[in-house]
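Everything on this sheet refers to the single structure shown next.
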Amino acid sequence: MKCMLIISVMLFSALCSRAYNNEFKLADAKVSSGKLLECDNFPTKLVSERNVYVWLPDGYSDNKKYSVVYMHDGQMLFDASKTWNHQEWGVDETVSSLISSGKINDCIVVGIWNISDKRMDDYFPQKVLKYMDSDDYNEFSNGLRTIDFDADKYLKFIVTELKPYIDSHFSTYQDREHTFLMGSSMGGLISLYGVCEYPNVFGGAACLSMHTLMVTQKLSNERNTKIAAVAFCQYLKENLPKVNSSHIYIDYGDQTLDSRYAPYQQRVDEVLRNAGWKVPYWTTNFYPGMSHCENDWARRLFVPFMFLLGK
């Protein structure tokens, strides 16, 4: 027993030492303002290792505290020359402008990279599966290794491994009122799921083009969408944070993939409305003419940042 304890302590110490030694360094990606740091393969015992960005605004100082926005699909946030589709969110430009103009509180942004072949496993709200009856579950999971779903571990990674590191190495507020999640598409799903699962850690979520279809190409058909969407709404009915205790921002367009979202988003809106959620704690915005892409998320990024961090 004593030997096992010693081994456990040694393994934990090795992990901590690796995290400490694998410090954030200046990123290869370019930003137009602020400073972008990067850690390659941030160490974790919970999910697959991945790169993590930390963006610090101009004038960042240890003499004051900053809110933290944890954003998914981190490799898509800052530098279009480094992304697969040559598009980006323009986080540094938008957030710098909002801070310098006094429209939002000071913040840093933590960009958590995705792993492309594990993106659905990490971002699909895992406990939604429990809200399917056995027949629907069997139909939905046919041909899919649902045992690989890792959203609960992914969120635990953020809460128990990444956040403590960020809070101990950067000058941050550590309370829920200053800690947020943000993402698009399935990154929107995991953001809302994160606020539901950890309401005492995250004070809000921004979900751009939230993927209310729920399924990717692995499961892409109308029947699976219906099964998952109904289960998601039931999950939300039972697991949303206390009414109007958090900030929830959702939006969608009407072009490309977003053109399919309206009926499913309206069901989510109904759940929130019937539970008593309202402005300024919840909003769902519709953007005609906008599509499912980084360029359009960049065009309206100032809206969710002001919703979560506005003065």
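Can you give the accessible area per residue of the chain, in Å², using a 1.4 Å probe?
Per-residue value: 45 Å².
Give the distance, in whole Å, between the Cα centre of segment 168-196 and the Cα centre of segment 228-275.
Computed from Cα coordinates, the inter-centre distance equals 18 Å.
With every protein chain present, what accessible area does S116 have (1.4 Å probe, heavy atoms only), rounded to the nearest 10 Å²?
My reading of the accessible area for S116 is about 100 Å².
Would you mind checking the pairs K25/K103; K130/K226; K35/K64; K65/K153; K103/K278 and listing those with alpha carbons more than 19 angstrom apart? Show your work: numbers first, answer last.
On the way: K25/K103 29 Å; K130/K226 15 Å; K35/K64 17 Å; K65/K153 28 Å; K103/K278 22 Å.
Those over the limit are K25/K103; K65/K153; K103/K278.
Determine which aspartates and glutamates satisfy two conditions relative to K237: a Cα distance under 14 Å, and not lying fewer than 8 residues away in the same chain.
Output for K237: E197, D269, E270.
If you roll a 1.4 Å probe over the chain with all protein chains in place, what percent of the accessible area is carbon or sulfur?
Within the chain, the accessible surface is 52 percent carbon and sulfur.
Considering the convex hull of the alpha carbon atoms of segment 50-94, report its projected area averaged over all viewing directions, in nm², one decimal.
Details: hull surface 15.8 nm².
Approximately 3.9 nm², given one-decimal rounding.
Two decimals is fine: what's Rg over Rh for segment 90-133, C-alpha atoms, Kirkwood radius as Rh?
Details: Rg = 17.2 Å, Rh = 13.7 Å.
Value, to two decimals: 1.25.
State, to one decimal in nm, how far the label point of D175 lies from the label point of S33, with both points 7 Å from Cα in the Cβ direction.
2.8 nm
With θ set to phi - 60°, apply the Karplus curve 6.51 cos²θ - 1.76 cosθ + 1.60 along segment 118-134 and write out the HN-Hα couplings as whole Hz, x wherever there is a Gly or Pro.
10, 4, 5, 4, 7, 9, 6, x, 4, 6, 4, 4, 6, 9, 9, 6, 4
I'd like the Karplus ³J(HN,Hα) series for segment 272-285: coefficients 6.51, -1.76, 1.60, θ = phi - 60°, whole numbers in Hz, and an x wherever there's a Gly or Pro.
Per-residue couplings from phi come out as 5, 5, 5, 7, x, 6, 7, 4, x, 8, 9, 8, 10, 10 Hz.
Please give me the summed charge of the neighbours of G90: other residues whose Cβ is under 15 Å from its Cβ, Lys and Arg +1, Asp and Glu -1.
Values: positive: K30, K82, R299, R300; negative: D73, D79, E88, D92, E93, E294, D296.
Result for the local shell: -3.
Could you order T284, T212 by accessible surface area, starting with the largest, using a probe radius of 1.4 Å?
Result of the area sort, largest leading: T284, T212.
Cα atoms only, segment 58-120: Rg and Dmax in Å?
13.6, 41
Scan around Y173 for amide H atoms under 5 Å from its own, H built in the peptide plane at 1.01 Å from N, and keep only partners 5 or more places away or cross-chain.
Y66, S67
The values are calculated or read from the model by the stated rules, or taken from the named source; none is laboratory data. Values in this document were obtained by computation on a predicted structure and should not be read as measured data. Cβ: placed from backbone, ideal geometry, glycine included. Neighbour counts: every protein chain shown. Only protein heavy atoms, including side chains, enter the accessible area calculation; ligands, DNA and RNA are left aside. Shrake-Rupley method; radii C 1.70, N 1.55, O 1.52, S 1.80 Å.
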